[in-house]
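Some notes on the structure that comes next.
The values are calculated or read from the model by the stated rules, or taken from the named source; none is laboratory data. Predicted model, so just to flag it, every value in this text is computed and none were measured. Every residue, glycine among them, receives a Cβ derived from its backbone with ideal geometry; neighbour counts consider all protein chains shown.
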């Protein structure tokens, strides 16, 4: 199978999304993971703290992101030598489709007071090889990562845990960094932990918050996700995030749930 080498290809002052960004609901629209990672990349490029750590990313999904040309821009909202707040926006077709605000902090050696890492119960080497079967296209978002089930099932219902590693670059010509990989993966937490079958309902998230006490590292990253449905068509997905060493943080997303 011939796959694109990256999720995005540079094009002038913007990027063109490839088929590896296609989401599960409409073949003309992107999964939110790749554009979230593109925004995280822009945040770190714009930040003024050299070697700083991005500790929280709060995304708003303002509308569907088409599979096609996009532009990103960033600005520092609150500069500082120790702590800074950066905003990045993604536009497509002249409208803002996604935005993120991100807190970044200066780092220092605090290993003497760090909480000991707690590795996941099932590591990536013990996970079951798996692939999503909910995508309409053979080449779509699910092909950007290698997937391994640690618990539950990626395409069934109920809580699930999975490990992933990149099979492509985020931006053509650059290696995908662990933070970028984390954002490509984490928006799929509500997909792997769905409480309703994909043919019965849609459950699109309108936001995503990722809070990290440690930067992700290594080839494999994991998430242990649970979705909870409220009585009014609103859901929430929360996930613990891991690398092979142990937990690195959490994510939470608000879901708009409705019958197909």
Point to revise | Top-ranked residue of the range 190-208 - restricted to ones that are modelled with pLDDT of 95 or more and surrounded by fewer than 17 Cβ atoms within 10 Å (Cβ to Cβ), ranked as farthest from residue 118 (Cα to Cα) | key: 206
Review point. Of the residues that sit in the range 88-97 and are part of a strand (DSSP E or B) and more than 17 Å from the chain's Cα centre (by Cα), which one is surrounded by the fewest Cβ atoms within 10 Å (Cβ to Cβ)?
Key: 95
Review point. With 183, 145, 167, 221 as the choices, which residue is in contact with a helix residue (DSSP H, G or I) (Cβ under 9 Å, 6 or more places away or on another chain), surrounded by fewer than 17 Cβ atoms within 10 Å (Cβ to Cβ), at pLDDT 95 or above and under 21 Å from residue 3 (Cβ atoms)?
Key: 167
Exercise for review: Please specify each residue of the range 1-44 satisfying the condition of being touching a strand residue (DSSP E or B) at 6+ places or on another chain (Cβ under 7 Å), surrounded by fewer than 20 Cβ atoms within 10 Å (Cβ to Cβ) and assigned to a loop (DSSP other than H, G, I, E, B).
Suggested key: 5, 13, 25, 28
**Study point:** Matching residues, the range 224-247, being surrounded by 14 or more Cβ atoms within 10 Å (Cβ to Cβ) and touching a residue at least 60 places away in the same chain (Cβ under 8 Å)
**Key:** 224, 225, 226, 227, 242, 243, 244, 245, 247
Practice item. Six or more apart or on different chains, Cβ under 8 Å: which pairs go from a residue in the range 121-134 that's on the phi > 0 side of the Ramachandran plot to one that's at pLDDT below 90 and buried (at least 18 other Cβ atoms within 10 Å of the Cβ)? Could you list them? Key: none
Practice item. Quick one: which residue in 82, 75 is touching a helix residue (DSSP H, G or I) at 6+ places or on another chain (Cβ under 8 Å), farther than 24 Å from residue 18 by Cα and surrounded by fewer than 16 Cβ atoms within 10 Å (Cβ to Cβ)? Key: 75
Practice item. For the range 102-115, indicate whether the set of residues that are in contact with a helix residue (DSSP H, G or I) (Cβ under 6 Å, 6 or more places away or on another chain) and part of a strand (DSSP E or B) is non-empty. Key: yes
